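Structure, as structure tokens:
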Amino acid sequence: GGGEGGPPADAEAPCGPGDASGATDTGVTDEKITIATIQDIGGPRPGLFQPNLDAMNAFVAYCNDLGGILGRELELVPYDSRISEHRSTTAQACDSTFAIVGQAVAIDSAGAQVGVDCGIPDIPSFAVETQHAGATNVVQALPNPPSLLNVGPERYVKREFPDAAKHAAMFYISAGPSSLTAEKRVKGFEEIGFNFDVNSQTELNELNWGPFVEQIRSNDVQYVTSVSELDNPVNLAKELRTQGVEVEIFELDQVGYDPALIEKGGDVVEGIHVVVTTVPFEEAETSEEMQRFLFWLEETDAKAASPSALSVQGWSAGLLFATAAKNLGSDLTRTALLEELRKIKEWDGHGIHAPANPGDNIVTQCFVYLKVEGGEFVREFPKEGFSCDEKNVVEVEYDFPKGAGT
């Protein structure tokens, strides 16, 4: 690392030489630590979380280039959950690997109990469903805890665009956990004074946006958000344009932070806002860790056309795992790793994302608000860095399935 043309070296890197030894647990020998990663790659949504697999391949190459973890080489075993196979892939990982690192699975409740029952530490890129996000064997680099929500962007909207907060609309897809995510967001936003005139379910790939735009028009909606893939908001933006309806704020979560939004939408997505909690790729010069991530993606021939914000979280999950594993030296067991991970209460992936509290499973209180301008993602707020405030985190009361093992 840090060689000719490469990114700067990290003095704090958790990977490097050493003399840790012992076959202390499943997947651990004197020479190596075998870890699993699980992504939805095949199945009905080909390539869905390919960027997260790319991130793990990059991280393992980076870590091994530095000397592994205290001299033990990392070996990565990837599993394809194909949307519907989270349970079986989790069981396979349990049998033969030490930990699951950087997983990215859309319907991730399926294997949650299996993971808890076998005791495998799970440090995912992200967790979606509450059974997984609140499971006793899971520690997330950027937590998505079942009952806490970051409403920082909405507090900003309420301050700067008060009319938008009074007339809001939520559109969510009928698939998987999306309705629960939408319910949590609507209730959380209402807690800080938003009023939702529209809260509507759509098809996974909704083709008829006319009636939904009519709801927006007749309620004078000025804030629109959605829980879905990219095609829906793009098609909604097209229909808004066709009918000549304008809204003050059209906001997407980090799923929207994807060049595909602009490729698919062209000038109809101009003005759309996107929330991120990772360092924007456009600002890689401000983060040495982002530079290392992008360098190792290239070194390892990443397959996806571009990295995603969620794949940045995958790299951070690798760093978090390696940090806890290094701290344990030769006493590397699954139980000890989970205990060590729970001690880590401040974490920003070496400056690649906003600070959060993995050990206590507390969501970050920080965000950046980006806006599509001139076919690019441009920072709107704050002027630099992240906007952080403890008031940005609210507790949301709603009925959700309990975390596995709780």
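Tabulated data for the structure shown
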{"item": "³J(HN,Hα) computed for each position of the stretch 129-134 - Karplus, 6.51 cos²θ - 1.76 cosθ + 1.60, integer Hz, glycine/proline x", "result": "7, 5, 4, 8, 5, x"}
{"item": "Filtered GluC sites (Glu not before Pro), the stretch 128-175: DSSP coil and at most 12 other beta carbons within 10 Å", "result": "none"}
{"item": "Segment SER306-ASN208, extension gain: residue separation times 0.36 nm, minus the distance between their alpha carbons", "result": "32.3 nm"}
{"item": "Residue-by-residue Karplus 3J(HN,Hα) for the stretch 35-41, coefficients 6.51, -1.76, 1.60, Hz, glycine and proline x", "result": "10, 9, 9, 10, 9, 7, 10"}
{"item": "Projected label distance in nm at ASP117 and ASP231, using a 7 Å step from Cα toward the beta-carbon", "result": "3.6"}
{"item": "Residue-count net charge about LEU341 - beta-carbon cut-off 15 Å; Lys, Arg +1, Asp, Glu -1", "result": "-2"}
{"item": "(i) 30.5; (ii) 18.2; (iii) 20.4, with the label sought being that of the calculated mean projected area of the Cα convex hull in nm²", "result": "(ii)"}
{"item": "Segments 213-224, 56-67, 305-316 sorted - mean Cβ within 10 Å per residue, highest first", "result": "305-316, 56-67, 213-224"}
{"item": "Reachable lysines, given that their alpha-carbon falls under 17 Å from the alpha-carbon of LYS383 and they are not under 8 places away in the same chain", "result": "LYS371"}
{"item": "With Cα atoms, 0 to 90° folded angle of helix 288-299 axis to the chain main axis", "result": "80"}
{"item": "Kirkwood-type radius of the stretch 120-276, with distances r between different C-alpha atoms, in Å", "result": "16.3"}
{"item": "Sorted by Cβ neighbour density within 10 Å, fewest at the top, the residues HIS353, HIS167, HIS132", "result": "HIS167, HIS353, HIS132"}
{"item": "Neighbourhood net charge (9 Å Cβ-Cβ; Lys/Arg +1, Asp/Glu -1) for VAL157", "result": "-1"}
{"item": "GNM top mover of THR29, THR136, THR278 - the chain, alpha-carbon springs below 10 Å", "result": "THR29"}
{"item": "On Cα atoms only, tilt of 86-96 relative to the major axis of the chain in degrees", "result": "10"}
{"item": "Computed over the stretch 1-79, Cα set: Rg, Dmax in Å", "result": "14.9, 45"}
{"item": "Helix 50-66 vs. the chain, principal-axis angle (Cα, 0 to 90°, nearest 10)", "result": "30"}
{"item": "Computed label-point distance, nm, for sites ASP19 and GLU288 using a 7 Å Cα→Cβ extension", "result": "2.9"}
{"item": "Ellipsoid equivalent to the stretch 224-266 - semi-axes via the Cα gyration tensor, in Å", "result": "17, 12, 8"}
{"item": "Among the listed pairs LYS32/LYS345; LYS158/LYS343; LYS238/LYS402, those beyond 32 Å (Cα-Cα)", "result": "LYS158/LYS343; LYS238/LYS402"}
{"item": "Whole-Å semi-axes of the stretch 316-371's equivalent ellipsoid (Cα gyration tensor)", "result": "26, 12, 7"}
{"item": "Cut-off 11 Å between beta-carbons: net charge of the residues surrounding PRO355, Lys and Arg +1, Asp and Glu -1", "result": "-1"}
{"item": "Stretch gain in nm, segment GLU346-GLU299, where the contour uses 0.36 nm per residue and the Cα spacing is subtracted", "result": "14.0 nm"}
{"item": "Label-point separation in nm, ASP65 to ASN199, each point 7 Å along Cα→Cβ", "result": "4.8"}
{"item": "The chain - percent relative contact order, Cα under 8 Å, separation 6 or more", "result": "22"}
{"item": "Over the stretch 284-406, equivalent-ellipsoid semi-axes from the Cα gyration tensor in Å", "result": "28, 23, 14"}
{"item": "About the Cα centre, charge dipole magnitude for the stretch 1-160 (Lys/Arg +1, Asp/Glu -1 at Cβ), debye", "result": "660"}
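Throughout, read-outs are computed from the coordinates displayed, never taken from laboratory work. Everything numeric here is computed off the predicted structure, so don't read it as measured data. Counting neighbours? That spans all protein chains shown, and the Cβs are built from the backbone with ideal geometry, glycine included.
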